[in-house]
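Asker: Sharing a structure with you now.
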Amino acid sequence: MRPVIIGSGMGGLTIGLILKKNNLNPIIFEKNNHYGGSFWSYKVKRYQVDTGLHMLTRGSTGELPVLMKKYISKNIFKGNFVDQKAYEFHLRNKHDNLPGNLKEILNFRILEKEDRKAFVKMLLHFLRITRKGTNFKGSTYDHVKKYIKSKDMLYFLNSLSWMCNGCSIKEGSLSRFVDMFIRQRELSLGYIMKHLSRTRGFEEDWYPKGGLKKVPELFVNQGLDVKTKSKVSKIVIKNNEVKGVKIGNKVYKTDLVIHDGLVKDLKKMTNNKIKIKTPKYDEYKAITIWLGFKKKVANWKRVSKLRIQESLDAPHWGAFVTDFDRSLAPKNHQLFGMSSILHKNKREMIKEMKQSIEILIPEYEKYLDMEHIQIVRAEKTLQKKNNNIFTLPEQKTNIKGLYIVGTDTKGWGNGGTLCADSANRCWNFIRKDYKYKK
Ligand SMILES: Cc1cc2nc3c(=O)[nH]c(=O)nc-3n(C[C@H](O)[C@H](O)[C@H](O)COP(=O)(O)OP(=O)(O)OC[C@H]3O[C@@H](n4cnc5c(N)ncnc54)[C@H](O)[C@@H]3O)c2cc1C
């Protein structure tokens, strides 16, 4: 029988690709009329916009790129992705690139000298606690407050918290914050030395040529069988074993199901047979202002810019996606996106984000050709201090043949990286349970 994957987000597609390359020909059922979940793009006028401003993070070491290199092509980045040069952070009248090594941290113009030293001490503290295997209880702020001696340091660290956790430093989980700087499984002395002496930013971010939807396309082009407009309403279980899935009136027989929808939906889909700790769901939406310009209004040279707020509010992150792929807008036009987390009144957020755009691109309104406001779910759930990698559910469930993947399951990283990590974990369980060879 063919394994069934419910949902074709990056969680479903990554486990789908692993199964396919291990000769287990899966079938993927997707309720929407397109695959990719949040990794998707669509047309607005003659512009192609993405589902939020997106970059593929951790080009060399992240789980998603590593998985693509292993199963699609070693040279996947060549011709398919374009690198982002830097994140330029702005705070009042100060701006500088996000530092990627010790020298850059010690010269980082957003922070005063004492704060830069405290930043290095904080990173050393992270190295110590990850080596000791701390339980990461409490918020990021609880752990780093002793390094915060000025408001600018607080605002800077808070903006990093929003970037990785989707919430403020006082709410966000420490595990993800630490993971942003230090990869758990690479904590060798060699790695640390390499990390501290690197010349590029601490993250290598890449944009897919062809827009965000290019990423799921690369997966599906490997021969993945995705049936769109196919909502799975029930998972058929007998004697605690998976027997099939129900789509409309039909039952598709299978003994292996991997679910990439919301974990909380599983209670209903299994008639309460699943015994799983449901994650705490927080409403977590991203707001993006997409702007099309009828002429070239700025040359950011593949640098994206982030405005830090002088409060605990979310920063505003903007980039010209046409810097990475000119074909996303009509000839000689530019396509710009600015994203943030929707954490207050929508009108107020739009007003504030537009003020940021005006500062970064003066008189931008003169050249406007298209404006599109987009509000989407960013991840399935936020990782907060009490809802993090240590409390999210494992990929294996109590029902034989039922597994889960995606961003409300256990794993390191966020977004696409977390999806791929959850798929790797899921495959490890399946391999053991079914005694598949590597
Ligand atoms: C503004 C914004 C910026 C982001 N930036 C980044 C970034 O820079 N880098 C990054 O890596 N990530 C980023 N992300 C996050 C990333 O897009 C998501 O975390 C990730 O795509 C989620 O994948 P998923 O598979 O967990 O869930 P989803 O994408 O939600 O996929 C789940 C799929 O399952 C389907 N489904 C659910 N229930 C059923 C059912 N019963 N039957 C059939 N199908 C079903 C859904 O239709 C959906 O297609 C960003 C997100 C946003 C919104």
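The values are calculated or read from the model by the stated rules, or taken from the named source; none is laboratory data. Since this is a predicted model, take the numbers as computed values, not measurements. A quick note on method: Cβ atoms are made from the backbone with ideal geometry, for glycine too, and the neighbour counts reach across all protein chains shown.
Asker: Report yes if ASP265 is within 23 Å of THR409 (Cα to Cα), within 12 Å of the ligand (Cβ to nearest atom) and surrounded by fewer than 21 Cβ atoms within 10 Å (Cβ to Cβ), otherwise no.
Answerer: Yes.
Asker: Also, quick follow-up: For the stretch 228-252, which residues satisfy the criterion of being more than 15 Å from GLY401 (Cβ to Cβ), near the ligand (Cβ under 9 Å from one of its atoms) and assigned to a strand (DSSP E or B)?
Answerer: Correct list: SER233, ILE247.
Asker: If we only count helices (runs of 4 or more DSSP H) wholly inside the stretch 60-171, which ones have 1 or more residues that are charged (D, E, K, R) and closer than 18 Å to LYS385 by Cβ?
Answerer: Fully inside the stretch 60-171 and qualifying: 140-144.
Asker: Might you let me know whether the stretch 380-397 holds any residue that is under 22 Å from LEU306 (Cβ atoms) and part of a loop (DSSP other than H, G, I, E, B)?
Answerer: yes
Asker: Report the residue count in the stretch 8-25 for those that are surrounded by 24 or more Cβ atoms within 10 Å (Cβ to Cβ) and not aliphatic (A, V, I, L, M).
Answerer: Qualifying residue count, the stretch 8-25: 6.
Asker: Mind listing whichever residues of the stretch 121-137 are surrounded by 15 or more Cβ atoms within 10 Å (Cβ to Cβ) and either modelled with pLDDT of 95 or more or of a type in the set (A, V, I, L, M, F, W, C) (or both)?
Answerer: Correct list: MET122, LEU123, PHE126, LEU127, ILE129, PHE136.
Asker: When the residues of the stretch 400-438 are filtered to those that are away from the ligand (no atom under 15 Å from the Cβ) and touching a strand residue (DSSP E or B) at 6+ places or on another chain (Cβ under 6 Å), which remaining residue is nearest to MET163 (Cα to Cα)?
Answerer: Only one residue fits best here, namely PHE429.
Asker: Need the failing condition index for PHE219 against (1) within 19 Å of LEU127 (Cα to Cα); (2) modelled with pLDDT of 80 or more; (3) not aliphatic (A, V, I, L, M), just the number.
Answerer: Looking at each condition in turn, PHE219 falls short on (1).
Asker: Select from the stretch 357-374 the residues that are part of a helix (DSSP H, G or I) and of a type in the set (Asp, Glu) and write down the one among them that is farthest from the chain's Cα centre (by Cα).
Answerer: Per the stated criteria, the residue is GLU365.
Asker: Please verify whether TYR147 is under 23 Å from the mean Cα position of the chain (by Cα) and at pLDDT 95 or above, treating the condition exactly as stated.
Answerer: Considered against the rule, which asks whether it is under 23 Å from the mean Cα position of the chain (by Cα) and at pLDDT 95 or above, TYR147 comes out as no.
Asker: Still on this model: For residues that are over 20 Å from the mean Cα position of the chain (by Cα) and farther than 21 Å from GLY244 by Cβ, tally how many sit in the stretch 8-35.
Answerer: So the count comes out to 5.
Asker: Out of the stretch 8-33, which residues are in contact with a Leu (Cβ under 9 Å, 6 or more places away or on another chain), closer than 22 Å to LEU56 by Cα and assigned to a loop (DSSP other than H, G, I, E, B)?
Answerer: SER8
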